[in-house]
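Worksheet for the structure shown next.
The values are calculated or read from the model by the stated rules, or taken from the named source; none is laboratory data. None of these values were measured; they are calculated from a predicted model. Cβ: placed from backbone, ideal geometry, glycine included. Neighbour counts: every protein chain shown.
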Amino acid sequence: MKESPYDSPAETPWDEDAILEFLHENTTIPVPSILAEWIDDNNLHFVIKDKIAGESLDSLWPTMSWEQKEKIADQTAEYLRQLRSLTSPCMCRVGEQPLVDQMLFNLLYPEPQGPFNTQDELWAAMAATLKGQIPQKALDRLRLQMPECAPFTYTHGDLSMGNIIVQDGNVVGIIDWEWSFYAPVWWEYAKFRAGMPRWIDADWWELLEDRMDKYPEAIEFYDKFRSLVRKVESTDGRKVRMGCAVLNELLEDDNGVPLV
């Protein structure tokens, strides 16, 4: 059972039942079912799901052989391929609802965004979260480096080992779908690369990354966006310097001449 303050749908989405039903109907991915959901008199949001028998991959990982780890990565990648067959003409949650993703935007707290029908709409929302602190010329240059987002592709967004349930050497569940949505086609890969702490889960990171569709241009684009975010938000001198270096690069043409 999950418990959380129900201050807004962004913080504790009310549509997870619809998401899980959508996945049951359109894939063979093993996901839980919601048994009950309610808000109590203290404005606490409760969700009761059926428990998938098994253990989280992170608890089993130290005891597994390399061959067993590869098998789990293969099975997860197969489920991911099913997920990537689900596309939409707009960037949104199931039912064309606004999406929430703090990493895609520069957001400290969950805030609904969209839906977005075009790449320009998405970029405008991303750029707005930089709070007007990046020169427009730099933003325009980075926008040109943004890879094609279509087709908007259904994305889990957190394929860490704690969300993979294993029993008898097989993947029997993938959990935590509440923030999933139709995202840019490259976002599952870019977020996995940016969000996974490689120095903690190095084997899993390498095994699953090797089996994912690759979008190197998206990695380069998103790394630059994150550097600008750090320049705006960070108090860490090293991160600020990295952000300034990216900003200076964006304010020069391909020959290193400052833009006028």
Legend entry - Enumeration of residues in segment 227-260 that are at pLDDT 90 or above and among the hydroxyl-bearing types (Ser, Thr, Tyr): Ser227
Legend entry - Sole residue being free of Cβ contacts under 8 Å to residues at least 40 places away in the same chain and closer than 30 Å to Ala202 by Cβ, chosen from Gln102, Gln113, Gln68, Gln82: Gln102
Legend entry - Residue in segment 63-101 that is farthest from the chain's Cα centre (by Cα), counting only those that are surrounded by 13 or more Cβ atoms within 10 Å (Cβ to Cβ) and among the polar types (S, T, N, Q): Gln68
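Yes/no per residue for (1) in contact with a Phe, Trp or Tyr (Cβ under 8 Å, 6 or more places away or on another chain); (2) farther than 23 Å from Ser88 by Cα; (3) part of a helix (DSSP H, G or I); (4) modelled with pLDDT under 95:
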residue: Pro147; (1), (2), (3), (4): yes, no, no, no
residue: Thr153; (1), (2), (3), (4): yes, no, no, no
residue: Leu159; (1), (2), (3), (4): yes, no, no, yes
residue: Glu178; (1), (2), (3), (4): no, no, no, yes
residue: Lys191; (1), (2), (3), (4): no, no, yes, yes
residue: Ile200; (1), (2), (3), (4): no, yes, no, yes
residue: Phe225; (1), (2), (3), (4): no, yes, yes, no
Inset, instruction - Go through segment 161-176 and count every residue that is surrounded by fewer than 17 Cβ atoms within 10 Å (Cβ to Cβ) and either at pLDDT 95 or above or part of a strand (DSSP E or B) (or both). - result: 5
Legend entry - Residue list for segment 102-125, restricted to those being surrounded by 15 or more Cβ atoms within 10 Å (Cβ to Cβ), among the polar types (S, T, N, Q) and more than 21 Å from Ser227 (Cα to Cα): Gln113
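How many residues does segment 65-116 contain that are among the aromatic types (Phe, Trp, Tyr) and in contact with a Ser or Thr (Cβ under 8 Å, 6 or more places away or on another chain)? Even if it seems obvious, please write down each step before you answer.
Pass one, segment 65-116, residues among the aromatic types (Phe, Trp, Tyr): 66, 79, 105, 109, 116.
From what is left, the residues that are in contact with a Ser or Thr (Cβ under 8 Å, 6 or more places away or on another chain) are 79, 105.
So the count comes out to 2.
In segment 167-200, how many residues are under 17 Å from the mean Cα position of the chain (by Cα) and farther than 20 Å from Tyr154 by Cα? So that I can check it myself, show each step before the final result.
Taking segment 167-200 first, the residues under 17 Å from the mean Cα position of the chain (by Cα) are 174-198.
Subset that is farther than 20 Å from Tyr154 by Cα: 197-198.
Final tally of qualifying residues: 2.
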Legend entry - Enumeration of residues in segment 153-172 that are touching a helix residue (DSSP H, G or I) at 6+ places or on another chain (Cβ under 9 Å) and either free of Cβ contacts under 8 Å to residues at least 60 places away in the same chain or not polar (S, T, N, Q) (or both): Tyr154, His156, Gly157, Asp158, Leu159, Met161, Gly162, Ile164, Ile165, Val166, Gly169, Val171
Legend entry - Selection within segment 138-149 - in contact (Cβ under 8 Å) with a residue 40 or more places away in the chain and either loosely packed, with under 13 Cβ neighbours inside 10 Å or under 25 Å from Asp15 (Cβ atoms) (or both): Cys149
Inset, instruction - Please work out if Leu83 is among the hydrophobic types (A, V, I, L, M, F, W, C) and either more than 24 Å from Ile219 (Cβ to Cβ) or not in a helix (DSSP H, G or I) (or both). - result: no
Inset, instruction - Tally the residues that are in a helix (DSSP H, G or I), touching a Phe, Trp or Tyr at 6+ places or on another chain (Cβ under 9 Å) and either within 19 Å of Ala245 (Cβ to Cβ) or in contact (Cβ under 8 Å) with a residue 40 or more places away in the chain (or both), restricting the search to segment 122-137. - result: 2
